[in-house]
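Heads up, the thing below is written out as structure tokens.
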Number of protein chains: 2
Amino acid sequence: MFESAELGHTLDRAAYAEAEPALRQALLAAQYALGEQRRFSVVILASGIDGAGRREAVNLLNAWMDPRQIESHGMGEPSDEEREQPPMWRFWRRLPAKGKTGIFLGTWYTAPLLERAMNGLDAHAFHEQIEDIARFERMLTDEGVLVIKLWFHLSKARQKQRLKKLEEDPQLRWRVTERDWQHFNRYDDFHAASEQFVRITSTVNAPWHIIDGSDVRYRSITMGGIVLSALQMRLDQEAERLAATQKALAKKPAKAAPVAPILGLRDNLHILSALDLRQGLSKKDYDQQLEALQGRLNILTRHPSFNRISVVMLFEGNDAAGKSGAIRRVTGAIDARYYHIVPIVAPTDEERAHPYLWRFWRQLPRRGRFAIFDRSWYGRVLVERIEGFCRTEDWSRAYGEINDFEDQMVRHHTVVLKFWLAISKDEQLTRFKQREATEFKQYKITDEDWRNRDRWDDYVHAVCDMVERTSTAHAPWTLVEANDKYFACVKVLTTLCERIEAELKRLTAQDKGKKRGKKSIG
Amino acid sequence: MFESAELGHTLDRAAYAEAEPALRQALLAAQYALGEQRRFSVVILASGIDGAGRREAVNLLNAWMDPRQIESHGMGEPSDEEREQPPMWRFWRRLPAKGKTGIFLGTWYTAPLLERAMNGLDAHAFHEQIEDIARFERMLTDEGVLVIKLWFHLSKARQKQRLKKLEEDPQLRWRVTERDWQHFNRYDDFHAASEQFVRITSTVNAPWHIIDGSDVRYRSITMGGIVLSALQMRLDQEAERLAATQKALAKKPAKAAPVAPILGLRDNLHILSALDLRQGLSKKDYDQQLEALQGRLNILTRHPSFNRISVVMLFEGNDAAGKSGAIRRVTGAIDARYYHIVPIVAPTDEERAHPYLWRFWRQLPRRGRFAIFDRSWYGRVLVERIEGFCRTEDWSRAYGEINDFEDQMVRHHTVVLKFWLAISKDEQLTRFKQREATEFKQYKITDEDWRNRDRWDDYVHAVCDMVERTSTAHAPWTLVEANDKYFACVKVLTTLCERIEAELKRLTAQDKGKKRGKKSIG
């Protein structure tokens, strides 16, 4: 894999002097076109062997191109805000907007690679992490991000030579740290682990480019050439796509987007029709249970371990199913400082310029906090699918991306609760009419609600697909029979309490296990 | 000041039951109108004596209103990212967008009040901090934020009684901490300090409302009433303003905004005409000095104390004066991980929904980092003033707000550098023509540049006013003679190095002083 990069490529001064100005100018022109088009963003990963020139290369790119449109991220130690979030959060928050470039010196490969080479992470776990990364990068490219992955390489002999030479130079000595030598002593382990992940993550859309780092002129021109050709190719593609779209628009008059095809259900027996919507509660039982549940929830938020977890709740459901009422019963039990409700409305322009899930990542709660989403990332496989707001390939891949997203939260001790509030078609009609009749509730009923109602069967199919594909063991869907509001609220609160209790119990058990482990060692 | 709030106001159950539903409904309606109008945001400060019901009041507001449009902020200990920024940064980042409400339980008063009452901050310093706050709040209200300040009060006797009662209840005991008793022991100090700041900061636009916290029903209805009437009054004002604007638009045909009046200069002798633009450097001298300066700068960034400061640079200047070239000479000396260039373009919709300076606050650098602004917050007193993009009262108050903003950075060990790159009118013409003639540079010259050129004299006046009013000892303007690009770059880099060196020296001296202080104590 790294053989070619160990051949000792060089470029002489004259050849460099000839190539550099044209390359530079072309890069700048491409970058300018990128900013003009604003159709995609660019993520450059600068990885590789210590001393192979990653840092210098990044500085050079900044010098060659317009640094105002580039953000370079060293990614040192995570801050405490970052530590309170799933590990990928710090990368998500730094993803560039369309038209911009982000260069990462520390990348999502850094942690697994160090763990594997230095701390003996086992092969299986390492492989799993690399697969996670591969899926993350596929999501990026699917979302239109141009991902350019550079690996600056040095052979073992050359790395040693490089480090020694730096150490001898009093001006540059500071750049060689003890850690560099520690890493060098594990060269073979790094080499083996790198080879493995480079192989797995060299995909068609985001391949690795291995660059021989031994000669500064060669590696600079090579790197520039790689970045340039990736940029140019993509710019051309986008220009073509744009032209094709405009041509198509010019031909046909604007028409409503076609409805995305919905898979047929074999019979009328499905998870929604199987719900017994007649279930109800008397006002008296409700009052009693609500008070008990709210008390239970409030006490849970004061559990000594509660500030080690966080809670993400999301509410989806038929229009008028009572989402906001259910949310108010939950928040009624929690101190207002500890929750944050995120009503999902049209994305802002900053959100639109980033991958789909970015707007949800930025709302994740800190430790000991709740984030409550009123509608959620499932919009993609519900309304966007049904109304044709996104392409079939987009909502189709969303299921997997969402599972990955939630999986990261759960692994980071976030309790993820997903509620679908279901009412019958008749009940909805009654509620719509009530809303129209009550002056104070009129703003809650719009033409859109009536339009959605016409799509009732499409929603049934989309919900079945959604639950089928995204109800996982760690982040299950809870279907809530909501014809009776009392019953629905009690079910939501009960589920919430139980899931938090389970997570706290799991933590306690884990702590005990650790203590036991320590004892038996000591 | 607090006399009325110690009278022991109460409200009986029947009166509460009568008032509550109507209040609640009116609050919800007002909140809905707020979201519809999206003309202003609401900031509610919930301050007061421990045990007087602040927290309960906030929870109640969340229960009464739509909590999806409210964010409640407990403001506990700052995170490490927050500690790396000026103290107000954590409030700026939480300011609500137009149409939304932010409730602060910990407020900008908390730190000075605690410092004064518990740690004996001297009266003068306390007063200064309160004046800073008063100016900050005036900025908020000038920017259209509705600021509602609630002070929940309890007499000394009642506070003692309240704390004791809570302690006796096994269900509520957890709410009384040792800190509460410590604070209680300083009741008189808190009382005196509170009285002082309530007096100073009770302004026409953001008055304090003192609420007797002894009776839960009375304080709830009172608080609700205050919030409601503030909201309604403002909503009506905005509706009137909107109607007036529409009427005015309907009458007159749309016309270019009138040029903001520019103060006349007595003669042609001013800071810009006094510059000797003939100064220059030979290529040889330049190369030599540039290398030395870039080396000096690079070594400075590796100074052991450099990660205790941060650097904010901003570049303004005539079109084609060479801002981006100068920026590149600076960044050429710094590792790309440590700087971040912020080109100021049109604000995003999230930025537009916040006070003017919000978009700059969010870009401030962390410790050990540079933020380089290509154009800046001075746009308000330059292009926006000249083109009439904002009202006279807006750009007029900007000078003071900017001074406050920069002052906060400087006090937080940020080196603030402000460069005005000046070229002569003839030199500009030459450069414009060059740009038009060079295919590769054509994108750098637009119609706007030619239009700005017609406004040359207006810019001269605006720049003179700007420097006059915002060149302070701690954040001075550096006027750069930029007809010769070599000379300009060297001046920028020299200034930068000197200012960083001065700040590092100041830090070292301060450390020594502290050590000496410790010694003489020990």
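Only the coordinates and a few stated rules stand behind these numbers; no lab work does. Every value quoted in this text rests on a predicted model; they were computed, and no experiment measured them. Because the Cβ atoms are built from the backbone with ideal geometry, glycine has one as well, and the counts that use them run over all protein chains shown.
Write down, largest first, the equivalent ellipsoid semi-axes of the protein assembly as shown in whole Å, where each equals the square root of 5 times an eigenvalue of the alpha-carbon gyration tensor.
Taking √(5λ) for each Cα gyration eigenvalue gives 48, 39, 33 Å.
Karplus couplings for segment A:69-86 from phi (6.51 cos²θ - 1.76 cosθ + 1.60, θ = phi - 60°), rounded to Hz, Gly and Pro as x?
9, 10, 10, 9, 10, x, 6, x, 5, x, 6, 5, 5, 6, 5, 7, 10, x
Between residue A:156 and residue B:472, with labels modelled 7 Å along Cα→Cβ, what's the label distance in nm to one decimal, could you check?
6.0
Take the Cα of residue A:245, step 7 Å along the line toward its Cβ, and report every residue of segment A:77-104 whose backbone nitrogen sits under 18 Å from that point.
A:97-100
Hey, got the average number of other protein chain Cβ atoms within 10 angstrom for residues in A:226-232?
0
7 Å from Cα along Cα→Cβ at both residue B:498 and residue B:10: what's the point-to-point distance in nm?
Distance between label points: 7.2 nm.
Using only C-alpha positions, report the orientation-averaged shadow area of the convex hull of segment B:369-480, nm², one decimal.
Orientation-averaged projected area of the Cα hull: 8.3 nm².
Which number do you get for Rg(Cα) / (2.2 N^0.38 Å) in segment A:47-96?
Rounded to two decimals, the normalised Rg is 1.38.
Just subtract the alpha-carbon distance of residue B:195 and residue B:135 from 0.36 nm times their residue separation and send over the number in nm, one decimal.
19.8 nm
What is the spin-label model distance, in nm, from residue B:453 to residue B:28 if the labels are put 7 Å beyond Cα along the C-beta direction?
6.2
Can you list the residues, at least 5 places off or on another chain, whose amide H is less than 5 Å from the amide H of residue A:152, using H built in the peptide plane?
A:47, A:48, A:49, A:211
Can you list the residues, at least 5 places off or on another chain, whose amide H is less than 5 Å from the amide H of residue A:418, using H built in the peptide plane?
Excluding prolines and chain starts, which carry no amide H, the hits are A:314, A:478.
Can you order the peptides B:54-63, B:288-297 by their average number of other Cβ atoms within 10 Å per residue, highest first?
B:54-63, B:288-297
How many angstrom lie between the Cα centre of segment A:266-323 and the Cα centre of segment A:446-499?
11
Determine the shielding of peptide B:339-345 by partner chains: average, over its residues, the number of Cβ atoms on other chains within 10 angstrom of each Cβ.
Rounded to a whole number, the mean comes out at 4.
Percent relative contact order of segment B:283-521, based on C-alpha pairs within less than 8 angstrom and at least six residues apart?
For segment B:283-521, the relative contact order is 30 percent.
Sorted by average packing, counted as other Cβ atoms within 10 angstrom per residue and highest first, what order do B:146-152, A:17-23 take?
Packing proxy ranking, top to bottom: B:146-152, A:17-23.
When only Cα pairs under 8 Å and 6 or more residues apart are kept, what is the percent relative contact order across chain B?
Computed over chain B, the figure is 18 percent.
What does the extension gain come out to for residue B:436 and residue B:179, with contour length at 0.36 nm per residue minus their alpha carbon separation?
85.6 nm
In sequence order, what are the phi-derived ³J(HN,Hα) couplings for segment A:356-371 according to the Karplus relation 6.51 cos²θ - 1.76 cosθ + 1.60 with θ = phi - 60°, rounded to whole Hz, with x for glycine and proline?
3, 6, 3, 5, 8, 4, 5, 9, 5, x, 7, 4, x, 10, 10, 10
With viscosity set to 0.890 mPa s and temperature to 25 °C, compute the Stokes-Einstein D of segment B:431-522, Rh being the Kirkwood radius across alpha carbon pairs; µm²/s, no decimals.
This corresponds to a translational diffusion coefficient of 139 µm²/s.
What nm distances, shortest first, do you get from the label point of residue B:457 to those in the other copies when the point sits 7 angstrom along Cα to Cβ?
Label point to label point, same position, other copies: 7.6 nm.
Rounded, prolate or oblate: which one fits segment A:283-521, using the alpha carbon gyration tensor with axes a ≥ b ≥ c (rounded when a/c is under 1.5, else prolate when a/b beats b/c, else oblate)?
oblate
Assume the label is 7 Å from Cα along Cα to beta carbon: what separations in nm does residue B:174 have to the matching positions in the other copies?
For residue B:174, the inter-copy label distances come out at 5.0 nm.
What pairs from A:100/B:323; A:165/B:323; A:164/B:284; A:98/B:433; A:491/B:149; A:164/B:515 go past 27 Å between their alpha carbons?
Among A:100/B:323; A:165/B:323; A:164/B:284; A:98/B:433; A:491/B:149; A:164/B:515, the Cα-Cα distance tops 27 Å for A:165/B:323; A:164/B:284; A:98/B:433; A:491/B:149; A:164/B:515.
In a solvent-free Debye calculation with one equal scatterer on each Cα, what is log10 I(q)/I(0) for segment A:4-247 at q = 0.10, 0.11, 0.16, 0.17 Å⁻¹, listed in the order of the q values?
Once normalised to I(0) and log-transformed, intensities are -0.51, -0.62, -1.30, -1.44.
Against the empirical 2.2 N^0.38 Å scaling, what ratio does the C-alpha Rg of segment A:131-212 come to?
Expressed relative to 2.2 N^0.38 Å, the Cα Rg reads 1.39.
Output ³J(HN,Hα) for segment A:101-109: one whole-Hz value per residue in order, computed from phi by the Karplus curve 6.51 cos²θ - 1.76 cosθ + 1.60 with θ = phi - 60°, and x for Gly and Pro.
Each residue of segment A:101-109 in turn: 10, x, 10, 10, 8, x, 10, 5, 8 Hz.
Based on a Kirkwood Rh over C-alpha pairs, give the Stokes-Einstein translational diffusion coefficient of chain B at 4 °C and viscosity 1.567 mPa s in µm²/s.
My calculation gives 49 µm²/s for D.
What number comes out for the charge environment of residue A:403, summing +1 per Lys or Arg and -1 per Asp or Glu over other residues with Cβ under 15 Å away?
Cβ neighbours under 15 Å give a net charge of -3.
Across segment B:282-324, how large is the tail of the calculated P(r) beyond 11 Å, expressed as a percent of all Cα pairs?
When all Cα pairs of segment B:282-324 are counted, 74 percent exceed 11 Å.
Find how many whole Å separate the alpha carbon centroid of segment B:130-158 from the alpha carbon centroid of segment B:1-49.
Going from one Cα centre to the other spans 16 Å.
Shielding of B:99-106 by partners, i.e. mean partner chain Cβ atoms within 10 Å per residue?
1
If the label for residue A:299 sits 7 angstrom from Cα along the Cα-to-Cβ line, what are its distances to the same label in every other copy, in nm to one decimal, shortest first?
6.7
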